[in-house]
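Following: one structure in structure tokens, then a few remarks.
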Amino acid sequence: MDPPTEQMQRKQKLTNVVIGFLFLLSGIEYAVILPTVWLYLQSLGAHPFFLGLVLSAFSLTELLSGPLFGHWTDRTGRTKNVILLSNCFEIAGNFMYFVGISKWFLFGSRLVAGVGAGSGASIFGYLTRFSSAKDRVPVFAMAMACRQAGLLIGPAFNIFLRYSNFYLGPFHVNKYSAPGIFMCVLWVLMQLMVAFMFYDVPLSSQVPQVDEHEPLLKQPEDPSEGVSHVYGSINSDNQETDHVCLPPEDNAPSSNHKEEVDHSSYSTLPNCQADPQNLPNGPQYVESGRRFHNLLSTKGYMHEEVVVLLTAQFVTLFNQTALEALVTPLAQTYLGFQDLQNSLLYFLCGIEMLAGFLAVRLLSRCCSDRLLLALGLIVCNISCIWCLVFLAKPNGSYGALLGEFVVGVFLQVLGLPFVSVSQVSLFSKVTAENTQGFSHGLRRSVGGLATILGPLWAAGLTQELYIMLGVMMGLLLLLTGMVSLSYRYLVDPVRSGI
């Protein structure tokens, strides 16, 4: 039988593999369904505006379900149960997409599948809890790279799915409905992987054991520091220390209770220097500074660094989805691109973005999160300026137009991995650890709102590109200014000693 530590490491590796496949599958689903959904709706007699409704339906329910799933994980500490439930929604939603009785049934299928996507908040919360602050960027970069790999693999499945023409009982499997049953099968297999390979590893297993012969309670060197004893807990990267306030010696808990720390008390902590009569009767975590203490409460979401990072989430996804909606009609109008050229363009963009995530992972070893965010914003600003100058009113030869178009798209894609990974990592550090599920649910809801509004904004202004791109440029400048003014706060409060 394996030693406990080796067995725990094996479980952790299996869990990481499952998480990687979950992100991979989410990317495949997007890439498999998106190319044919409009043709599917047309076969059901839908008008063009209905495409926007169907695409927004998925983001809408993901926006609503993310915080709920995240809060559930925070309260129970069980990520596996959340994923198993959310996968059921994915299975049901994709089966409904396969059945496709009517356009409204198709709309409902994406609503149901979107609920399943809400578990991403719980998964990001899980990754936050089981990664040290210094490893946060590489971990998130690899998770996002897995989804990007799914976006690259997805179109390859359409090569054989488009030739489907058979019956499953009363249901006709054709090139429109095949993606639904295909994804349904993949999510069933994913459900089995989660059931047998995903483990909710206890948090205590990540913390080194305290030597039995070491005194648990240590007297402060300076008696004037207060009446409290200090209990130090060193985390897995041996860099961050959480302090625990204890009552006076006569009320100190026995050694039998030394590991019974109440994580739920993060948001209601007293000040360590408070009157001893107001201290609780058991050990409680306290902040490493007043600023971090406030972040542990609900009001912490209103701190400027949190607001800046939520703004970064919104602006990044709004601009990304708006440009995605603009690229295809622009390329068709001025460059004559058809489906083959568009597929090749998206494939090359996917390769670039995947390389970008891997580059962020490597650069994170020598660059801070906020520096990566600043670099990404610089590239995004250059890209938006380029688009305003050269693409808002294209003119010139075909070769010049092609070059201007390619450079604009290249710069936009280049900046996205830097901004997206760094802001997620920073967000996990400036929000309370015991509410990471809900926090990431809130962050993903803000992103969901952006993915709904972005395409709608672009679709309504395809003939007014100066207005469309000008607003995007204004949002980027606003975000850049906010990041500049709050740059000193975009750090891990514990590690920075705040």
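Estimated at 0.36 nm per residue, the fully extended path between L168 and C88 surpasses their Cα-Cα distance by 26.7 nm.
The tail of the calculated P(r) for segment 390-474 beyond 20 Å holds 55 percent of all Cα-Cα pairs. Computed packing ranks the peptides 462-469, 324-331 as 324-331, 462-469, most packed first, by mean other Cβ atoms within 10 Å. Label positions at K175 and N81, each projected 7 Å from the Cα along the C-beta direction, are separated by 4.6 nm. Computed 3J(HN,Hα) for segment 39-48, one whole-Hz value per residue from the Karplus formula 6.51 cos²θ - 1.76 cosθ + 1.60 where θ = phi - 60°, is 5, 4, 5, 4, 5, 9, x, 8, 7, x, glycine and proline marked x. From the cross-link list K11/K429; K80/K175; K103/K393, which pairs have alpha carbons spaced over 28 Å apart? Going by Cα-Cα distance, K80/K175; K103/K393 fall outside the 28 Å limit. Whole-Hz Karplus values for segment 81-89 come out as 4, 5, 5, 4, 5, 5, 4, 4, 5 Hz, taken residue by residue from phi with 6.51 cos²θ - 1.76 cosθ + 1.60 and θ = phi - 60°; glycine and proline positions read x.
For a test of the definition: using alpha carbon positions, the gyration tensor, and the 1.5 limit on a/c, classify segment 46-95 as rounded, prolate or oblate. Oblate is the answer for segment 46-95, as a/c is 1.5 or above yet b/c matches or exceeds a/b.
Remark: segment 128-138, residue by residue, has Karplus-estimated 3J(HN,Hα) of 5, 5, 10, 9, 6, 4, 6, 9, 4, 5, x Hz, where x stands for each Gly or Pro and the curve is 6.51 cos²θ - 1.76 cosθ + 1.60 at θ = phi - 60°.
Extent of segment 80-176 along its three principal axes (Cα atoms, max minus min coordinate, largest first): 53, 28, 20 Å.
Between Q341 and A195, what is 0.36 nm times their sequence separation minus the Cα-Cα distance? Round to one decimal in nm. Before the final figure, lay out each step's value.
Values: separation 146, 0.36 × 146 = 52.56 nm, distance 4.11 nm.
Once the chain is fully extended between Q341 and A195, it gains 48.5 nm.
Each 10 Å bin from 0 upward holds the following percent of the Cα-Cα pairs of segment 135-206: 15, 30, 31, 16, 7, 1. The base-10 log of I(q)/I(0) for segment 307-369, evaluated at q = 0.21, 0.23 Å⁻¹, reads -0.97, -1.02 [Debye formula, identical scatterers on Cα atoms, solvent excluded]. The slack between L39 and V188, meaning 0.36 nm per residue of separation minus the straight C-alpha distance, is 51.0 nm. In this structure, the amide hydrogen of V173, modeled 1.01 Å from its nitrogen in the peptide plane, lies closer than 5 angstrom to those of F166, Y167, L168, counting only residues at least 5 positions away or on a different chain.
Just to confirm my numbers, what's the Cα centroid distance between segment 92-171 and segment 455-490 in Å? Centre-to-centre (Cα) distance: 28 Å.
Considering the convex hull of the alpha carbon atoms of segment 333-442, report its projected area averaged over all viewing directions, in nm², one decimal. Numbers along the way, then the final one.
On the way: hull surface 35.3 nm².
The Cα convex hull of segment 333-442, projected and averaged over all directions, gives 8.8 nm².
Each label was represented as a point 7 Å from its Cα along the Cα-to-Cβ direction; for E304 and L402 these points are 4.9 nm apart. As a ratio to 2.2 N^0.38 Å, the alpha-carbon radius of gyration computed for segment 1-124 takes the value 1.26.
Which FRET efficiency, nearest 0.05, do I382 and F49 yield, Cβ-Cβ r, R0 30 Å?
0.30
Using every pair of separate Cα atoms, the Kirkwood estimate puts the hydrodynamic radius of segment 66-131 at 12.3 angstrom.
For S132 and V389, what is the calculated FRET efficiency with R₀ set at 41 Å and r taken between the beta-carbons, to the nearest 0.05? It would help to have the intermediate numbers written out before the result.
Values: r = 43 Å, r/R0 = 1.06.
Working from the Cβ atoms, E equals 0.40.
For T462, no residue 5 or more places off, or on another chain, has a built amide H under 5 Å of its own.
Read-outs throughout are calculated quantities, based only on the coordinates presented, and are distinct from any laboratory measurement. Note that this is a predicted model, so its numbers are computed, not measured. Backbone-built Cβ (ideal geometry, glycine too); neighbour counts: all protein chains shown.
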